[in-house]
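Peer 1: For reference, the structure I am asking about is given below.
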There are 2 protein chains.
Amino acid sequence: MRLLEERILRDGKVRDGNVLKVDNFLNHQMDIVLFGEMAKEFHRLFQSDNVTKILTIEASGIGIACITAQVFSCPVIFAKKSKTKNIAGDVYTSSVESFTHGGTYDIIVSKEYLKPEDRVLIIDDFLAKGAALHGLSSLVKDSGATLIGAGIAIEKAFQCGGESLRGRGMRIESLARIKSMENGKVQFCDDDCD
Amino acid sequence: MRLLEERILRDGKVRDGNVLKVDNFLNHQMDIVLFGEMAKEFHRLFQSDNVTKILTIEASGIGIACITAQVFSCPVIFAKKSKTKNIAGDVYTSSVESFTHGGTYDIIVSKEYLKPEDRVLIIDDFLAKGAALHGLSSLVKDSGATLIGAGIAIEKAFQCGGESLRGRGMRIESLARIKSMENGKVQFCDDDCD
């Protein structure tokens, strides 16, 4: 999506350790007009899939998920990060490895809000090694709902999480796919690496 | 706001310790159509205040803040919860007492995104003892920006955070104000306690 790529080039900052800082418009300050355009693009891609629920993960996925849900006219559920094992049996839970902070954390969704008849679209801001997306897809699978696929704002394609999950049959649509960030310069996949 | 009050009566669940569980529509599963109506009401209340930024706090304030920002045509900033003191000097920081989990945590906002010329509306899902709202207002004050006020979905008026902050001059508009939850029954202030 050209608009998002241009914004990344203009306002994104490459930091050590393959970190792309986009907190000017995506995940600290949020440009809601841009989110509206991204939501339209997600809708164009998934409009024929009869989505009944959008699933995301706290915190930075929530904004894009909510603006996207307006276009799909469906509710959003956000998976909560939890440090304590929930043993009450009223939630679906999955373990996610954190590459940013080290260690693992659990994510949980109440069983009340994911049902076998649901058709779920996952929305998130970033896809890198795919740990969060894999965890979210596990929750959907456990619930018996249908996973339509995932809509991602920015995919770091060189970190291969998307490649791995696509290889296992998941449909993933990323609005900007980054091929490399070498020497502080962002290069997109565009047509040549799809 | 009648629509929100009716929804609280229909789907809210009162739990021990003055907990009102509204995760069916507000802060786990999110009813985006309802959020749209709440956003219009916040706009009706604050439309003449030339709001330039909406400020909220992760995680459950983000959805309402983003839908509200669409109506105001302005960006959202969400304050991040941090367990580590940031000493780089590039953020505004404030300490917030957590009554739910005990202890205190810091909230931070990058100095880049709050400027003296900004006119800030705080949006959040809950107001009880007012600790988070007080922390957010401190960040705005530190930045030199103008705090227009706060738009809150649900205020537990009997916990007096709103009363205290209004007494110090803050404008707070809550869409549903709860007078009591005794015996598991939610009663609203309506006109009689304004």
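Peer 1: Other chains' Cβ within 10 Å of A:17-27 residues: what's the mean?
Peer 2: Neighbouring Cβ atoms belonging to other protein chains average 1 per residue here.
Peer 1: Counting partner chain Cβ atoms within 10 Å of every residue's Cβ in A:58-70, what's the average?
Peer 2: The per-residue average across the peptide is 6.
Peer 1: Further question on the same structure: Mind checking which aspartates and glutamates have their Cα closer than 19 Å to the Cα of A:Lys129? Skip sequence neighbours fewer than 8 apart in that chain.
Peer 2: Hits, sequence-local ones excluded: A:Asp16, A:Glu58, A:Glu97, A:Asp106, A:Glu155, A:Glu163, A:Glu173, A:Glu182, A:Asp194.
Peer 1: To the nearest 10 degrees, how steeply does helix B:32-46 sit against the main Cα axis of chain B, on a 0 to 90 scale?
Peer 2: 70
Peer 1: What's the angle, to the nearest 10 degrees (0 to 90), between helix A:62-72's Cα axis and the longest principal axis of chain A?
Peer 2: Roughly 80 degrees between the two axes.
Peer 1: On C-alpha positions alone, give me the angle between the axis of helix B:2-11 and the longest principal axis of chain B, in degrees, nearest 10.
Peer 2: Result, in degrees: 70.
Peer 1: Right, next: Shielding of A:33-43 by partners, i.e. mean partner chain Cβ atoms within 10 Å per residue?
Peer 2: Counting Cβ atoms of other protein chains within 10 Å of each residue's Cβ and averaging gives 1.
Peer 1: Continuing with the same structure: If you restrict to DSSP beta bridges whose two residues both lie in chain B, what percentage is antiparallel, to the nearest 5?
Peer 2: Given both bridge residues lie in chain B, the antiparallel proportion sits at roughly 40 percent.
Peer 1: Report the label-to-label distance for A:Leu3 and B:Asn50 in nanometres (one decimal), using points 7 Å from each Cα along the Cα→Cβ vector.
Peer 2: With each label placed 7 Å out from Cα toward Cβ, I get 2.8 nm.
Peer 1: At what distance in angstrom do the alpha carbon centres of the stretch A:59-73 and the stretch B:134-179 lie from each other?
Peer 2: 26
Peer 1: My understanding is that a pair violates if its Cα-Cα distance is over 27 Å; which of A:Lys156/B:Lys141; B:Lys80/B:Lys115; A:Lys21/B:Lys115; A:Lys21/A:Lys81 do that in this structure?
Peer 2: A:Lys156/B:Lys141
Peer 1: Put the label 7 Å from Cα along Cα→Cβ for B:Leu3; what are its distances to the other copies, in nanometres, shortest first?
Peer 2: Those separations, rounded to one decimal, come out as 2.5 nm.
Peer 1: Summarise the long-distance tail of P(r) for chain B by giving the % of C-alpha pairs beyond 31 Å.
Peer 2: Value for chain B (Cα pairs over 31 Å): 13 percent.
No lab work stands behind these numbers, since they all come straight from the coordinates. Quick caveat: nothing in here was measured; it's all calculated off a predicted structure. So basically every Cβ, Gly included, is an ideal-geometry build from the backbone, and we count neighbours across all protein chains shown.
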